[in-house]
Amino acid sequence: MELVTARIAETKKTMLRKRLKRILKFKLLYILLLPAFGWVFIFDYLPLYGISIAFMDYNVIQGFSGSEWVGLKYFRLLFESEMFRNAFKNTLLISLYKMISGFLCPILLALALNEIQAAWFKKTLQTAVYLPRFVSWVVYGGIITLLLSPETGVINKIIEFFGGKSVYLLVEPAYFRTILVVTDAMKEMGWAAIIYIAAIAGLNPEVYEAATMDGATRFSRIFHITLPGITGTIIVIFILKVGYIMSAGLDQVINLYNPMVFEMGDILDTYIYRIGIEQFNLSLAAAADFIKGVIGLAMVLLANQIAKRINDSGIF
């Protein structure tokens with residue numbers, strides 16, 4: 001037993017020496033990482049102390065040390081609030097719809113772009129679908145408002161051309177969630193497709209050539225070569241997206257919603273903004289944000305475990 005323990009200790013020492021040698025060998029690269037680590041520590045980890053605001057009756061003047069601890073008071077207030085429950089439900093629904101569309105559309109776009117043979121057309125189309133990503137939601141929201149206008153909007157002009165009646169879509173609660181999902185997919189899918197295009201580019205072209213020589217059709221090559229080849233990338237992206245299940249897009253919603261669609265469009269982000277910034281109830285806003293974070297973390301862990309069981313692939 002003592003011999004086994006000694007061997008384990010010696011193995012650990014050997015591994016430690018190898019790691020130290022590796023660090024010394026690539027010391028310049030590790031030094032380059034220090035600013036990034038510093039940034040993450042200062043702006044991501046230090047602010048975590050602010051979570052304590054959710055458990056105290058926080059007063060800006062008294063600060064953290066002078067404010068009274070109240071336990072789960074604000075969490076109880078949240079779950080008793082009809083407005084919070086409505087925002088929670090809207091967030092889940094909108095985020096779920098966005099996650100499905102935002103997950104599938106980039107994959108389909110990447111597959112379609114990969115099949116285009118004309119290089120000039122492929123590059124032009126790639127640029128066109130990437131551009132919306134670089135436009136802020138303030139500008140993009142204004143464009144959407146103009147497109148959906150009942151008087152000058154292109155969408156309503158098309159509806160009228162086919163004999164329909166113009167509708168102000170942005171003030172109709174029945175259409176608002178659909179508008180959020182569609183416009184978000186249009187804005188983000190081009191940028192999100194870059195990862196899948198890069199993964200497809202890394203596949204062995206000889207496999208495609210062999211499949212073509214064997215008589216495989218284009219769709220057969222997609223389903224039996226391309227998709228299986230990028231399965232790992234798809235799983236990782238899906239797990240990361242699940243982590244944002246409680247983030248339905250503050251910038252988008254706050255630029256598009258209005259009192260007419262408030263009940264269908266109010267989400268946790270707008271609720272936190274309203275409670276924390278406008279009403280300055282920081283403790284209640286922190287409690288709502290804490291719930292968001294906990295659910296997001298739980299969903300990532302759950303999705304990662306499911307992915308590892310199904311395909312033995314995950315992010316950790």
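Each reported figure results from applying straightforward, stated rules to the coordinates on display, with no laboratory input. For clarity, every value in this text was computed on a predicted model and none was experimentally measured. Every residue, glycine among them, receives a Cβ derived from its backbone with ideal geometry; neighbour counts consider all protein chains shown.
Once Rh for the chain is found with the Kirkwood sum over Cα pairs, what is the Stokes-Einstein diffusion coefficient at 37 °C and 0.692 mPa s, in µm²/s? Roughly 137 µm²/s, to the nearest whole number.
Sorting Lys25, Lys98, Lys157 from the fewest to the most surrounding beta carbons within 10 angstrom yields Lys25, Lys157, Lys98. Largest GNM mean-square fluctuation across Ile306, Ile61, Ile237, computed for the chain with C-alpha springs under 10 Å, falls on Ile61.
Length gained on full extension, Leu96 to Ala201: 34.8 nm, using 0.36 nm per residue less the C-alpha separation. Coupling constants for the range 202-210 follow from the phi torsions by the Karplus curve (6.51 cos²θ - 1.76 cosθ + 1.60, θ = phi - 60°), and in residue order they are x, 6, 5, x, 5, 5, 5, 4, 5 Hz; glycine and proline get x. Going from the fewest other Cβ atoms within 10 Å to the most, the residues Leu109, Leu301 appear in the order Leu301, Leu109.
Going from the residue with the fewest nearby Cβ atoms within 10 Å to the one with the most, Val60, Val181 rank Val60, Val181. Karplus-derived 3J(HN,Hα) values for the range 180-196, using 6.51 cos²θ - 1.76 cosθ + 1.60 with θ = phi - 60°, are 4, 5, 5, 5, 5, 5, 5, 7, 9, 5, x, 5, 5, 6, 4, 4, 5 Hz; glycine and proline are entered as x. Rounded to the nearest 20 debye, the dipole size of the range 150-232 about its Cα centre is 180 debye, using +1 on the Cβ of Lys and Arg and -1 on the Cβ of Asp and Glu. For Asp57, the residues whose amide H sits under 5 Å from its own are Glu68, Trp69, Val70, ignoring neighbours fewer than 5 places away on the same chain, with H placed 1.01 Å from N.
Rounded to the nearest Hz, the phi-derived 3J(HN,Hα) couplings of the range 104-111 under the Karplus curve 6.51 cos²θ - 1.76 cosθ + 1.60 (θ = phi - 60°) are 7, 4, x, 5, 5, 5, 4, 5, where x marks glycine and proline.
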